[in-house]
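Participant: This is the structure I want to talk about, given as structure tokens.
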Amino acid sequence: MSDVEDLVEAAQPNELLRRVDALCEARRWDDLVGLAHRCREAVERGKQLWPIAEHIEYRLALEGPAPLAGSVLTPTAGRFALGPLTEVAASTHTFFELSPHLSSHLVAGVVAGERVLRGEELEGVPEAHPEVLELPMVLQDWEPTYELATYRSSKVTAPAPQVGPLTARGTGQHGEPIDDPELLRSLLDLVATWVGSSNGRSDAVVVEGSPEAAIGSLGEMNFLIGELDPARAMALMAWAAAGGGAHGRRNGAAAGRSAAWWAATALVDLEWPPDPDHLGEDLARLRWFRWEPLRPLGGWQLHLAVEDPSGGWSAAIAAEDRATEP
């Protein structure tokens, strides 16, 4: 590793990244930890090598043995990584592999939430700290199969849920607004990262009347629309909240599921945390719709509407984000 000292002192990031790749391929984890330590020390001497140290933590979370992967998971770790290190590590390690090495109850709760989305059943496991996310530590029968991110050494893939084409035309109508700031906030929170950390824009409404009245109140008078089942609507909301849009950092699938449950709870007017069975039953009595404006769309989008037939009201959200300004 003597040449590594020279690379660090010369602050050659490209060469250091190649060395990181080589150490990961050779599974020389102790040497990788040592390199991260040298880069952190060099930062204190004015050398801009913190991205190398952060990348090493990312690679340890993704590829390293569970003790090292767990050791890099802190509440502030991975601020500039491709996604939260809790999600990165949970994509390649089980909860029981990681849990003995986690630094806090907060981290353990989020890692457990990620692993539940990957099929682990952690109900009744105190080490999973369900009080952190306040969600069931097992997927409910009425929940969808959520879309999950796949991490690689230098990229992340996070596909949107598959949806069919929309063929029915809709016409916007006038809807009398309903003052429900908590419900509006829960819908807009689904895409807060798109707006706050990227180029995105979003709007949401709650009105008396039909979904067409809600969509019309968003300013869209001609659109395509189609009905969804509640599970697919939950999948779309969770995907939107898990991602960062075009330029924002991912929030993670556990955060996405949490935001979708929060919005769903507000839509059916239950107290938080909701009883899972009651929530599933109440979501089934609503009517859910996906819709699209009749204009070119690109990038990231979330266009949903929901109707409460018995209550006589509807809500809708329109959110879009692009890699470049439109």
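The values are calculated or read from the model by the stated rules, or taken from the named source; none is laboratory data. Just so it is clear, the model here is predicted, and its values are computed rather than measured. Counting neighbours? That spans all protein chains shown, and the Cβs are built from the backbone with ideal geometry, glycine included.
Participant: Of the residues that make up the range 243-250, is at least one modelled with pLDDT of 95 or more, surrounded by 23 or more Cβ atoms within 10 Å (Cβ to Cβ), more than 19 Å from residue 158 (Cβ to Cβ) and in the same structural domain as residue 186 (by TED's automatic domain parsing)?
Facilitator: No: the range 243-250 contains no residue that is modelled with pLDDT of 95 or more, surrounded by 23 or more Cβ atoms within 10 Å (Cβ to Cβ), more than 19 Å from residue 158 (Cβ to Cβ) and in the same structural domain as residue 186 (by TED's automatic domain parsing).
Participant: A further question on this structure: For residues that are surrounded by 11 or more Cβ atoms within 10 Å (Cβ to Cβ) and more than 29 Å from the chain's Cα centre (by Cα), tally how many sit in the range 160-173. Give the steps one after another, and end with the answer.
Facilitator: Initially, the range 160-173 is screened for residues surrounded by 11 or more Cβ atoms within 10 Å (Cβ to Cβ), giving 160-161, 163, 166, 168, 170-173.
Retained after the next criterion (residues that are more than 29 Å from the chain's Cα centre (by Cα)): 168, 170-173.
Number of matching residues: 5.
Participant: From 101, 174, 93, which residue is modelled with pLDDT under 95, farther than 29 Å from residue 277 by Cβ and not charged (D, E, K, R)?
Facilitator: 174
Participant: Now for a different question. Go through 27, 45 for me and flag whichever is modelled with pLDDT of 95 or more and of a type in the set (D, E, K, R).
Facilitator: Matching residue, one of 27, 45: 27.
Participant: Out of (1) part of a strand (DSSP E or B); (2) closer than 30 Å to residue 115 by Cβ, what's the single condition that is false for residue 283?
Facilitator: Of (1) part of a strand (DSSP E or B); (2) closer than 30 Å to residue 115 by Cβ, only one is false for residue 283: (1).
Participant: Taking the range 6-47 only, how many residues are exposed (fewer than 12 other Cβ atoms within 10 Å of the Cβ), at negative phi and either outside the structural domain of residue 60 (by TED's automatic domain parsing) or in a loop (DSSP other than H, G, I, E, B) (or both)?
Facilitator: 1
Participant: Return the only residue of 292, 271 being in the same structural domain as residue 213 (by TED's automatic domain parsing), of a type in the set (D, E, K, R), free of Cβ contacts under 8 Å to residues at least 40 places away in the same chain and at negative phi.
Facilitator: Details: 292 fails: free of Cβ contacts under 8 Å to residues at least 40 places away in the same chain.
Matching residue, one of 292, 271: 271.
Participant: If residue 257 satisfies all but one of (1) surrounded by 24 or more Cβ atoms within 10 Å (Cβ to Cβ); (2) more than 25 Å from the chain's Cα centre (by Cα), what's the number of the condition it fails?
Facilitator: (2)
Participant: For the range 221-250, give me the residue count where each residue is under 22 Å from residue 309 (Cβ atoms) and not aliphatic (A, V, I, L, M).
Facilitator: 6
Participant: Checking residue 114 against (1) assigned to a loop (DSSP other than H, G, I, E, B); (2) at pLDDT 95 or above: exactly one of these is not met. Which one?
Facilitator: Looking at each condition in turn, residue 114 falls short on (1).
Results for (1) buried (at least 22 other Cβ atoms within 10 Å of the Cβ); (2) touching a residue at least 60 places away in the same chain (Cβ under 8 Å); (3) touching a helix residue (DSSP H, G or I) at 6+ places or on another chain (Cβ under 7 Å); (4) of a type in the set (D, E, K, R), shown as yes or no for each residue.
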| residue | (1), (2), (3), (4) |
| --- | --- |
| 64 | yes, no, yes, no |
| 67 | no, no, yes, no |
| 79 | no, yes, no, yes |
| 88 | yes, yes, yes, no |
| 97 | no, no, yes, yes |
| 103 | no, no, no, no |
| 117 | yes, yes, yes, no |
| 121 | no, no, no, yes |
| 125 | no, no, no, no |
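Participant: On the basis of being crowded, with 16+ Cβ neighbours inside 10 Å, closer than 21 Å to residue 58 by Cα and of a type in the set (A, V, I, L, M, F, W, C), does residue 183 make the cut?
Facilitator: no
Participant: Continuing with this model, one more query. May I ask you to say which residue of 272, 300, 262 is loosely packed, with under 13 Cβ neighbours inside 10 Å and under 21 Å from the mean Cα position of the chain (by Cα)?
Facilitator: Unique residue meeting the criteria: 272.
Participant: Something else about it: Against the conditions (1) over 25 Å from residue 257 (Cα atoms); (2) acidic (Asp, Glu); (3) surrounded by 23 or more Cβ atoms within 10 Å (Cβ to Cβ), where does residue 54 fall short? Just the number, please.
Facilitator: If we test residue 54 against (1) over 25 Å from residue 257 (Cα atoms); (2) acidic (Asp, Glu); (3) surrounded by 23 or more Cβ atoms within 10 Å (Cβ to Cβ), just (3) comes out false.
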